[in-house]
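A short reminder: the numbers here are calculations on the coordinates, not readings from a lab. Nothing here was measured: the structure is a model prediction, and the numbers come from that model. Cβ placement follows ideal geometry from the backbone for every residue including glycine, while neighbour counts extend to all protein chains displayed.
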Amino acid sequence: MKNREIGQAIKELRLQKNMTQEELIEKADLSRSQLYYIESGRRTPRLPTIYSICAALELTFLEFVHYLYRYSPTSSTPSISSIDAPGATIG
């Protein structure tokens with residue numbers, strides 16, 4: 001399973017919320033360079049920074065972690081709906 005990088009996840013979530021970098025910088029009390037380095041994957045934010053970003057994105061920390069780890073674009077594990085097994089039903 002491939003997981004999202006923290007910076008990639010933050011950028012995706014920001015864009016899903018139709019939020020500009022400037023808006024996130026203001027709401028999370030970040031510097032412009034801080035957000036640039038985080039979103040580009042050059043720096044890993046510390047936990048207090050992640051909490052600030054989560055609050056600015058109106059997410060709980062748990063929702064953010066779930067978002068990070070549920071992503072698997074190249075996963076070789078089949079989904080249950082693709083398994084052809086006798087008696088297996090999805091309902």
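Once phi is turned into θ = phi - 60°, what whole-Hz ³J(HN,Hα) does the Karplus curve with 6.51, -1.76 and 1.60 give for every residue of the range 52-66, x standing for Gly and Pro?
The phi angles translate into 5, 5, 4, 4, 5, 8, 6, 10, 7, 4, 4, 4, 5, 4, 4 Hz.
Please give the peptides 14-27, 50-63 ranked by average Cβ packing (other Cβ atoms within 10 Å per residue), highest first, as a rough proxy for protection.
50-63, 14-27
Could you list SER40, SER31 so that the one with the fewest beta carbons within 10 Å of its beta carbon is first and the one with the most is last?
SER31, SER40
Residue by residue, what Karplus-based ³J(HN,Hα) values in Hz, rounded to whole numbers, does the range 28-45 have, using 6.51, -1.76 and 1.60 with θ = phi - 60° and x for Gly and Pro?
So the Karplus estimates, Gly and Pro as x, are 9, 6, 10, 8, 4, 5, 4, 5, 4, 5, 5, 5, 7, x, 7, 9, 9, x Hz.
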